[in-house]
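Quick notes on the structure that follows.
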Amino acid sequence: MAEILMTITSKGQVTIPVAVRRYLKLKKHQKIALILEPDGSVRLRKPHYTSIADLRGAAGELGEKLSWSETLAIAYDDRVISHARAKQK
């Protein structure tokens, strides 16, 4: 395991060293994630989904296309059911 040091600026910023950027294949303006572990360690990784566009297809696809009115009707029904369940509790 390599240990790479970074310096924190007065504004609390750090520069990610080129070796780390290359290892993670990071590009300019790309998001990164810091994971705080329960044992106190911190990991740096590329997020699975960095933008909404990355989520395309993640939930699968509907078998058929729905019209806007059909979509609204389903959303309305789901909301009514959700409110009814909340009142029962």
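Things worth noting here:
- Scan of the range 6-25 for residues that are out of contact with any Lys or Arg (no Cβ under 7 Å at 6 or more places or on another chain) and among the aliphatic types (A, V, I, L, M), ordered by number: MET6, ILE8, VAL14, ILE16, VAL18, ALA19, VAL20
- Number of the condition not met by ALA84 [criteria: (1) within 27 Å of the chain's Cα centre (by Cα); (2) surrounded by fewer than 10 Cβ atoms within 10 Å (Cβ to Cβ)]: (1)
- Scope the range 8-23; condition at positive phi and surrounded by 10 or more Cβ atoms within 10 Å (Cβ to Cβ); matching residues: none
- Sole residue being surrounded by 10 or more Cβ atoms within 10 Å (Cβ to Cβ) and either assigned to a loop (DSSP other than H, G, I, E, B) or at pLDDT below 85 (or both), chosen from LEU26, LEU5, LEU72, LEU44: LEU26
- Count of the range 1-18 residues which are within 16 Å of ARG43 (Cβ to Cβ) and small (Gly, Ala, Ser): 1
- In a residue-by-residue description of the range 57-64, the property of being surrounded by 10 or more Cβ atoms within 10 Å (Cβ to Cβ) and without any contact (Cβ under 8 Å) to a residue 40 or more places away in the chain applies to no position.
The values are calculated or read from the model by the stated rules, or taken from the named source; none is laboratory data. These numbers were taken from a predicted model, which means no experiment stands behind them. Neighbour counts run over all protein chains shown; Cβ positions are idealised from the backbone, glycine included.
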